[in-house]
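The values are calculated or read from the model by the stated rules, or taken from the named source; none is laboratory data. Bear in mind that the values here come from a model prediction, so they are computed numbers and not experimental data. Because the Cβ atoms are built from the backbone with ideal geometry, glycine has one as well, and the counts that use them run over all protein chains shown.
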């Protein structure tokens, strides 16, 4: 059953009639986890649960959940959107499912102890390869390589953050080539 | 005059609280922005290699395997694009021409 629409929703709906300026990320975030109907410039309607809205292109990513667990995801391009109406405000009904979509095996949860072991293991490997690596971060959860690159938990190749593409590529390759137990 | 001084202090307080509120607002905006963008990037990675149905302007609809988006989100790189003239092994679709894309992601948890 669709939850009754509040006056805030009416405001959301009417606020979105003119498509001239870029809206704030907070505005788009308020749609996430809700079921909406998006009308596009060609007159079509796209219904689904909002996984996210790209703040750059304002494209809406919708998920359709079918009875037989078949899931379809649809992205409606920002430039084609004419309007959005909230159909179901219940953000909890599909929140967990939406959060777990597109999540890779890398994002699995590790225990604190495991994370510490992984961190030290990787630190040893990087030091073995003559890289200036330091433990940093508020709780010592980060590994930083001379301010150029930071590695977050769970310390996989995908956990690296850097503004330098070349360094990023090299470190990622190095992490991938790490043997499973560093002696 | 005493009133004038009080007004000035009040104004300064207002300016102070406004700039703090602005900082809070900006930081919240950034947090919202990264929340949304990160999910979007995961989505793009998640549909990579999947058969996608593209609805375009002028009632055109095509099927292709989604590969990549360019950094600006202006173009999508696809493979095995089905056209009336046959299947194109590699092609680039302009995002400006696309209205929506749908992908079947199957049952159960998505694992890469």
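Going through (1) buried (at least 16 other Cβ atoms within 10 Å of the Cβ); (2) in the same structural domain as residue A:28 (by TED's automatic domain parsing) one by one, residue A:95 falls short only on (1). Is there a residue in region A:51-62 that is out of contact with any strand residue (DSSP E or B) (no Cβ under 6 Å at 6 or more places or on another chain), loosely packed, with under 14 Cβ neighbours inside 10 Å and closer than 27 Å to residue A:156 by Cβ? No: region A:51-62 contains no residue that is out of contact with any strand residue (DSSP E or B) (no Cβ under 6 Å at 6 or more places or on another chain), loosely packed, with under 14 Cβ neighbours inside 10 Å and closer than 27 Å to residue A:156 by Cβ.
Scanning region A:54-83 for residues that are over 17 Å from residue A:33 (Cβ atoms) and more than 8 Å from every other protein chain (Cβ to nearest Cβ) yields A:58, A:66, A:67, A:78, A:81, A:82, A:83. A count restricted to region B:71-95 and to residues that are outside any strand (DSSP E or B) and within 19 Å of residue A:76 (Cβ to Cβ) stands at 4. Are any residues in region A:71-94 over 23 Å from residue B:55 (Cα atoms) and without any contact (Cβ under 8 Å) to a residue 60 or more places away in the chain, and if so, which ones? Once the filter is applied, which keeps residues that are over 23 Å from residue B:55 (Cα atoms) and without any contact (Cβ under 8 Å) to a residue 60 or more places away in the chain, region A:71-94 yields A:91, A:92, A:93. Scanning region A:59-106 for residues that are assigned to a loop (DSSP other than H, G, I, E, B), under 15 Å from the mean Cα position of the chain (by Cα) and either at pLDDT 95 or above or under 19 Å from residue A:23 (Cβ atoms) (or both) yields a total of 1.
Residues of region B:54-76 that are surrounded by fewer than 17 Cβ atoms within 10 Å (Cβ to Cβ), in contact (Cβ under 8 Å) with a residue 12 or more places away in the chain, within 10 Å of another protein chain (Cβ to nearest Cβ) and more than 27 Å from residue A:165 (Cα to Cα): B:57 alone.
Considered as a group, the residues in region A:123-133 that are surrounded by 12 or more Cβ atoms within 10 Å (Cβ to Cβ) and in contact with a strand residue (DSSP E or B) (Cβ under 8 Å, 6 or more places away or on another chain) include one that is nearest to residue A:147 (Cα to Cα), and that residue is A:133.
When region A:29-53 is filtered for residues that are over 14 Å from the mean Cα position of the chain (by Cα) and either part of a loop (DSSP other than H, G, I, E, B) or facing chain B (nearest Cβ under 7 Å) (or both), the ones remaining, listed by number, are A:30, A:31, A:34, A:40, A:41, A:42, A:43, A:44, A:46.
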